[in-house]
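S.K.: Below is one structure. I have some questions about it.
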Amino acid sequence: MLEAIGASDVDTLFRCIPEKLRLDRALKLPRAASEQEVLAELEVLAANNAHSDSFDWFLGAGTYSHFVPSAVDALISRAEFYTAYTPYQPEISQGTLQAIFEWQTMISGLTGLEVANASMYDGASATAEAALMAMRVTRRTGVVVAAGLHPHYRQVLDTYLAGLGAEVRTLPRTETGASADPAELIGDDTACVIIQQPSFLGTVEDLACLAEATHARGALFIVAVTEALSLALLRAPGDLGADLVCGEAQSFGVPPAFGGPHLGFLAARMKHVRQLPGRLVGETVDTRGKRGFVLTLSTREQHIRRERATSNICTNQGLCLMMATVYLALLGRRGLRELAELNFSRAEYAKRKLTAAGLELALPGPTFNEFAVKLREPSEAALSRARDAGLIAGLDLAPYAPDLGPALLVCATELTGADAIDRLCDALAPQASR
Amino acid sequence: MSESPKTHPTVPGGDPNTGRGLTYEEPLLFERSRPGRVGYSLPAADVPHAPAEETLPQGWLRDDIEGLPEVSEIDVVRHFTRLSTWNAAVDLGLYPLGSCTMKYNPKVNERVARLPGFARSHPLQPESEAQGILELLHRLEGFLAEISGMDHVTLQPAAGAQGELAGVMMIRAYHELRGEKRTRILVPDSAHGTNPASAALNGYDVVSVPSGPDGILHPEAVDALMDESVAALMVTNPNTLGIFEEHIAEIAAIVHARGGLVYGDGANLNALLGLTRPGDQGIDVMHFNLHKTFSTPHGGGGPGAGPVGIKAALAPHLPKPIVRQREDGRYELSDDVPHSIGRLHGSHGNFGMAVRAYTYIRSLGPDGLKRCAEMAVLNANYLLARLRDRFHVPYDRPVMHECVLSDRDLAETGVTTLDVAKRLIDHGYHPPTIYFPLVVQGALMIEPTESESLESLDRFATTLLAIETEAHEAPELVRTAPHHTRHSRLDETRAARKPVLRWQPDEPLS
């Protein structure tokens, strides 16, 4: 090889690197390990973490532990999916392209909007991108955000908007848990109102009412969803006036994995498609008239438009999208609904049990599979007792909603059976103190 | 023969979903749907059914879920298995997509990432219950800092482009803290499109810096544009022509002398592992692409991961939270970053990718990583040597990990870069990156990576040379390629002119 190149040795190839810039020592990294050794090392690290197989898991708050059918991992483990890249060459990427087209169709149906992109990094960045999109569409710079938006989403939104001179106002929560009337906060410069459904604290919002108030001032109504399974039970946000629906689809077959990689989504109305960020797949035909799929409307994107692009996003979350598409195909229109109803029933059961044991719900508003419950003691004590009983009981709300006093955000799913809920109840409201 | 786009070839009495031999046709999921089919079983109802309409107003509930099919498990398995056979992939063959570093993705990475203690852990579980994860993150930050010569690393950005965004935000915060209002960012004309897009997302004006006739940046060009209004220069080294920016240290000195910072796009870091470090070249901020350099799979377009390395001067601006080791040896997540740019990700970034990258670095060790860079560079130069006599080489000089050819010498045949790319498909190759970088007209950007053997490179070179011959002797054959794929060339203009972005039933479902 060196002869063909005309080089005497490999070092010759690096003459273009000035001598003073060359590293004159070995990298200070642990020596190479065999596959067996690497596995052993990583198994030790993995064993040092709690996970949803080792505890009964009531912690949600934006990342949900759901059962994943075996076919999901089996199919996404096909190397033709996971060792391919962005489908730039459609003739040899039809597998990925058709799956993305199916995903776009599914998200469009679930959200009640006409077009969904091929996914974003996560729900938080999808929400930030939705706000940026609303600013482009309306040519306005103000953003009104519900207090019920996941606090991490809010932080990411603030980060994305920091350099752009946008004014962000917070729409307060009322005593029921629902958002207040936004009318007073929306000005002539408001690009959008962002509402999370269900809210971070689990309560279901009256979207139609909020949408009307938003549209009355010419702003776009954005609905953010962190528990995508709720879309199977609750009316599609697009049917209730949402102009953009964004959020996190991790619930659809994507492992929690300490928070990533997850699967952001963003759906819109067709009239706004040219302001939509991210990849889009469209249907077309080949020269023989056969149906096929291609990446399309790419003049929106950074590799064509550079600094005038709708976003700098380059990758999508392709493999996570594949997990979700397989998952949604397996459950289908009936299975997903039944699963959502089971989640809802389990959460209602948990609420009844906890209140019967003398605890009080923090907010009276209706919920889907997650709710806030007040504790009679500092939350550390309750969480610790639950842990000893093999339960991760929920999220300590002290840092997120201090006005509620000691409280937990508790999530019930198909993985938390009646028996686990009963034990949760015993741990959070022990008999002795009743 | 022409088919309407919504029908499929049928044999009378035969299965409309079967193609020829073992190449299968496969409709959309929605077209396979039959009422009542599910591919899922729910656990027994152990709590009373709670009717949602008793708690929620009827108008808040949905009737039916539009957009979801009804199919059985085997329908789903066959559907996606068939779809998978229509994809090119690294595990099928050489995938020389320049700038994307389509190297082999070791199987052990996948096994490790699926360990329950990683895959089923939750981002908000107590830190005391996530010590193994935090330790891994902390160690990986250290590995990347050592490899790059940077002082700190954040693993939060979810992709290279988000890493760029984070890096530019830190640059902005750095200047703002010093009370400076800088408004411009310099970006070379050969840069990735994400660079100017990331700068613009931060409200900066983008100024293009011309590369020299030798394909690299020259100090004079930067010197002419660099003033107190410039926040930073964004460079990719090796650049997108595969050429090492040999004046980088001098250029960085010019930028620093006028108060600017230098951003390094780490897309091409694979060429430098163990040989030279961006931090030693004068780079202040850089991102890594774990899916390029550190073998995490490309996944059909993601997820990637885009950690960012910085010099100490930028540490006050790191995204929150950061991973820290306490004095007692335990690990924690801390928000103690005085002038942080804030949070970029809903959780802690693409942790699953960090696990794979960690596994890769541990598997290769310092010598293996260096050898990886050497082999990648050797392979690219070998391909260039095999091809340079028959293809135009716009910048004919030694390259690093990738080489760029053009279609200039094919002009008389009417064959373009696109045609060459499509003809490669007929021979079982994923084409190189085409028409990028923009500084080369009709560019073919080839990155073989270190994963390929001599025989594999020879077969690829021989194929490209055969296509060059075909271009002269049978240009029509090349111009109408591919001929052996399920689909011939797809009409991208039609897709964009009248966008069809979801499936809709032709007639109401019965």
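S.K.: Which of the following residues is closer than 30 Å to residue A:207 by Cβ and either surrounded by fewer than 19 Cβ atoms within 10 Å (Cβ to Cβ) or not basic (Lys, Arg) (or both): A:319, A:375, A:359?
M.R.: Exactly one of A:319, A:375, A:359 is closer than 30 Å to residue A:207 by Cβ and either surrounded by fewer than 19 Cβ atoms within 10 Å (Cβ to Cβ) or not basic (Lys, Arg) (or both), namely A:359.
S.K.: Taking residue A:93 as the residue in question, decide whether it is within 8 Å of chain B (Cβ to nearest Cβ), buried (at least 24 other Cβ atoms within 10 Å of the Cβ) and not acidic (Asp, Glu).
M.R.: Taking the combined requirement at face value, the residue satisfies it.
S.K.: Restricting attention to the stretch A:345-361, report how many residues are touching a residue at least 12 places away in the same chain (Cβ under 8 Å) and facing another protein chain (nearest Cβ under 7 Å).
M.R.: Selection size over the stretch A:345-361: 2.
S.K.: Of the numbered conditions (1) surrounded by fewer than 22 Cβ atoms within 10 Å (Cβ to Cβ); (2) touching a residue at least 60 places away in the same chain (Cβ under 8 Å); (3) touching a Lys or Arg at 6+ places or on another chain (Cβ under 8 Å), residue B:141 satisfies every one except a single condition; which is it?
M.R.: (3)
S.K.: Quick test of your reading of the structure: residue B:275 fulfils all but one of (1) surrounded by fewer than 24 Cβ atoms within 10 Å (Cβ to Cβ); (2) out of contact with any helix residue (DSSP H, G or I) (no Cβ under 6 Å at 6 or more places or on another chain); (3) in contact (Cβ under 8 Å) with a residue 60 or more places away in the chain; (4) hydrophobic (A, V, I, L, M, F, W, C). Name the failing condition by number.
M.R.: (2)
S.K.: As an exercise: evaluate residue B:158 against (1) among the small types (Gly, Ala, Ser); (2) assigned to a loop (DSSP other than H, G, I, E, B); (3) farther than 30 Å from residue B:300 by Cβ and give the number of the one condition it does not meet.
M.R.: (3)
S.K.: Here's another thing I want to ask about it. Can you find, within the stretch B:424-462, the residue that is farthest from residue B:372 (Cα to Cα) among those that are in contact with a Lys or Arg (Cβ under 7 Å, 6 or more places away or on another chain) and small (Gly, Ala, Ser)?
M.R.: Filtering first and then ranking leaves B:442.
S.K.: Give the residue that is farthest from residue B:388 (Cα to Cα), with candidates limited to residues of the stretch A:7-56 that are small (Gly, Ala, Ser) and more than 7 Å from every other protein chain (Cβ to nearest Cβ).
M.R.: Result: A:54.
S.K.: Six or more apart or on different chains, Cβ under 8 Å: which pairs go from a residue in the stretch A:294-318 that's on the phi > 0 side of the Ramachandran plot to one that's basic (Lys, Arg) and surrounded by fewer than 21 Cβ atoms within 10 Å (Cβ to Cβ)? Could you list them?
M.R.: Hits for this filter: A:297/A:274.
S.K.: Another question about this same structure. Within the stretch B:302-340, how many residues turn out to be β-branched (Val, Ile, Thr) and over 24 Å from the mean Cα position of the chain (by Cα)?
M.R.: Within the stretch B:302-340, residues that are β-branched (Val, Ile, Thr) and over 24 Å from the mean Cα position of the chain (by Cα) number 3.
S.K.: Could you figure out which of (1) surrounded by fewer than 23 Cβ atoms within 10 Å (Cβ to Cβ); (2) under 21 Å from the mean Cα position of the chain (by Cα); (3) under 22 Å from residue B:306 (Cβ atoms) isn't true of residue A:151?
M.R.: The number of the failed condition is (3).
S.K.: Of the residues B:120, B:182, B:111, which is buried (at least 20 other Cβ atoms within 10 Å of the Cβ), modelled with pLDDT of 95 or more, closer than 25 Å to residue A:39 by Cα and among the basic types (Lys, Arg)?
M.R.: Result: B:120 is the single residue among B:120, B:182, B:111 that is buried (at least 20 other Cβ atoms within 10 Å of the Cβ), modelled with pLDDT of 95 or more, closer than 25 Å to residue A:39 by Cα and among the basic types (Lys, Arg).
S.K.: When you look at residue A:6, is it in contact (Cβ under 8 Å) with a residue 60 or more places away in the chain and not assigned by TED's automatic domain parsing to the domain that holds residue A:251, yes or no?
M.R.: no
S.K.: How many residues are over 17 Å from residue A:87 (Cα atoms) and surrounded by 23 or more Cβ atoms within 10 Å (Cβ to Cβ) if we restrict to the stretch B:424-442?
M.R.: Going through the stretch B:424-442 one residue at a time, the tally reaches 2.
S.K.: May I ask you to say which residue of B:199, B:305 is surrounded by 24 or more Cβ atoms within 10 Å (Cβ to Cβ), among the aliphatic types (A, V, I, L, M), modelled with pLDDT of 95 or more and under 23 Å from residue B:161 (Cβ atoms)?
M.R.: B:305
S.K.: List the number of the failed condition for residue A:81; all other conditions in (1) surrounded by 24 or more Cβ atoms within 10 Å (Cβ to Cβ); (2) within 7 Å of chain B (Cβ to nearest Cβ); (3) assigned to a loop (DSSP other than H, G, I, E, B) hold.
M.R.: With respect to (1) surrounded by 24 or more Cβ atoms within 10 Å (Cβ to Cβ); (2) within 7 Å of chain B (Cβ to nearest Cβ); (3) assigned to a loop (DSSP other than H, G, I, E, B), residue A:81 is out only on (3).
S.K.: Kindly indicate whether any position in the stretch B:43-56 is more than 7 Å from every other protein chain (Cβ to nearest Cβ) and within 30 Å of residue A:284 (Cα to Cα).
M.R.: No, the stretch B:43-56 has no match at all.
S.K.: Tally time: how many residues in the stretch B:443-497 are in a loop (DSSP other than H, G, I, E, B), in contact (Cβ under 8 Å) with a residue 40 or more places away in the chain and within 17 Å of residue B:429 (Cβ to Cβ)?
M.R.: Within the stretch B:443-497, residues that are in a loop (DSSP other than H, G, I, E, B), in contact (Cβ under 8 Å) with a residue 40 or more places away in the chain and within 17 Å of residue B:429 (Cβ to Cβ) number 12.
S.K.: OK, next. Quick one: which of A:24, A:53, A:73 is farther than 30 Å from residue A:318 by Cβ and either of a type in the set (D, E, K, R) or part of a loop (DSSP other than H, G, I, E, B) (or both)?
M.R.: A:24
S.K.: Being in contact (Cβ under 8 Å) with a residue 24 or more places away in the chain and of a type outside the set (S, T, N, Q) is the filter; apply it to the stretch B:325-341 and report the residue that is nearest to the other protein chains (Cβ to nearest Cβ).
M.R.: Across the stretch B:325-341, the extreme among qualifying residues is B:341.
S.K.: Another question about this same structure. Only one of (1) surrounded by fewer than 24 Cβ atoms within 10 Å (Cβ to Cβ); (2) out of contact with any strand residue (DSSP E or B) (no Cβ under 7 Å at 6 or more places or on another chain) fails for residue B:230. Which number is that?
M.R.: Residue B:230 satisfies all of (1) surrounded by fewer than 24 Cβ atoms within 10 Å (Cβ to Cβ); (2) out of contact with any strand residue (DSSP E or B) (no Cβ under 7 Å at 6 or more places or on another chain) except (2).
S.K.: For the stretch A:199-233, how many residues meet the condition of being assigned to a strand (DSSP E or B), under 21 Å from residue A:250 (Cβ atoms) and out of contact with any Pro (no Cβ under 8 Å at 6 or more places or on another chain)?
M.R.: Qualifying residue count for the region: 2.
S.K.: Taking residue B:148 as the residue in question, decide whether it is in contact with a Gly (Cβ under 6 Å, 6 or more places away or on another chain), under 26 Å from residue B:354 (Cβ atoms) and of a type in the set (S, T, N, Q).
M.R.: yes
S.K.: Mind checking which residues of the stretch B:394-427 are at the interface with another protein chain (Cβ under 10 Å from one of its Cβ atoms), under 13 Å from residue B:464 (Cβ atoms) and not in a helix (DSSP H, G or I)?
M.R.: none
S.K.: Sort out which residues of the stretch A:110-133 are more than 17 Å from residue B:159 (Cβ to Cβ) and facing chain B (nearest Cβ under 8 Å), and write them in order of number.
M.R.: A:110, A:112, A:114, A:115, A:116
S.K.: OK, next. Does the stretch A:332-344 include one or more residues that are surrounded by fewer than 24 Cβ atoms within 10 Å (Cβ to Cβ) and either more than 9 Å from every other protein chain (Cβ to nearest Cβ) or farther than 27 Å from residue B:63 by Cβ (or both)?
M.R.: No, that holds for no residue.
S.K.: Out of curiosity, is residue A:295 over 25 Å from residue A:225 (Cβ atoms) and either in contact with a Phe, Trp or Tyr (Cβ under 7 Å, 6 or more places away or on another chain) or more than 7 Å from chain B (Cβ to nearest Cβ) (or both)?
M.R.: yes
S.K.: Hey, another quick one. Residues of the stretch B:256-272 being within 20 Å of residue B:178 (Cα to Cα) and surrounded by 24 or more Cβ atoms within 10 Å (Cβ to Cβ), which ones?
M.R.: B:260, B:261, B:262, B:263, listed by residue number.
The values are calculated or read from the model by the stated rules, or taken from the named source; none is laboratory data. Keep in mind that what you see is a predicted model, and the values were worked out from it rather than measured. Reconstructed Cβ throughout: ideal geometry from the backbone, glycine too, with neighbour counts over all protein chains shown.
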